[in-house]
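The block underneath contains the structure these notes are about, expressed in structure tokens.
Values quoted throughout were computed directly from the atomic coordinates according to the rules given, and no laboratory measurement underlies them. Computed from a predicted model, the values in this text were never measured in an experiment. Cβ sites come from the backbone with ideal geometry, for glycine too, and all protein chains shown count toward neighbours.
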Amino acid sequence: MPSARFSIGDVVQHKLFDYRGVIVDVDTHFQGTEEWYEVVARSRPPKHRPWYQVLPHGAQHQTYVAEQNLEPDYSGLPIQHPLVEHYFTDFNNGRYIKDVQSH
């Protein structure tokens, strides 16, 4: 099973579509439908590698992104998205924290 490069709370940059976002969920491999993959995943990223649910900065929706299309975001800036507070309680050192008790 491939290990994920990113974790929940990491701020990332999409390589192809040039947006920043925060990861809210990690799948070890593609969990979408074949129909979605055929229509949306035009670059045909590998299904056997990790995929991520991402809240894009300045948007209202979530995206589902293959690991190969993401890179770390080192800006240190927070993500503006209405669901950030639903998933996280804090933003510290460029990362989102699920709650103060987590490690």
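Starting from the Cα-Cα distance between H61 and V39, subtract it from 0.36 nm times their residue separation and give me the gain in nm to one decimal.
On the way: separation 22, 0.36 × 22 = 7.92 nm, distance 1.78 nm.
Full extension of this stretch gives 6.1 nm more.
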Short version: ³J(HN,Hα) in whole Hz for each residue of the stretch 47-64, in order, from phi by Karplus 6.51 cos²θ - 1.76 cosθ + 1.60 (θ = phi - 60°), x for Gly and Pro, what are they? 7, 8, 9, x, 10, 9, 8, 10, 8, x, 4, x, 10, 10, 9, 10, 10, 10
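Going by how many other beta carbons lie within 10 Å of each one, how would you line up V84, V65, V12, fewest first?
Exposure proxy ranking, most exposed first: V84, V12, V65.
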How large is the charge dipole for the chain, taken about the Cα centre, if only the Cβ atoms of Lys, Arg (+1) and Asp, Glu (-1) carry charge, to the nearest 20 debye? 260
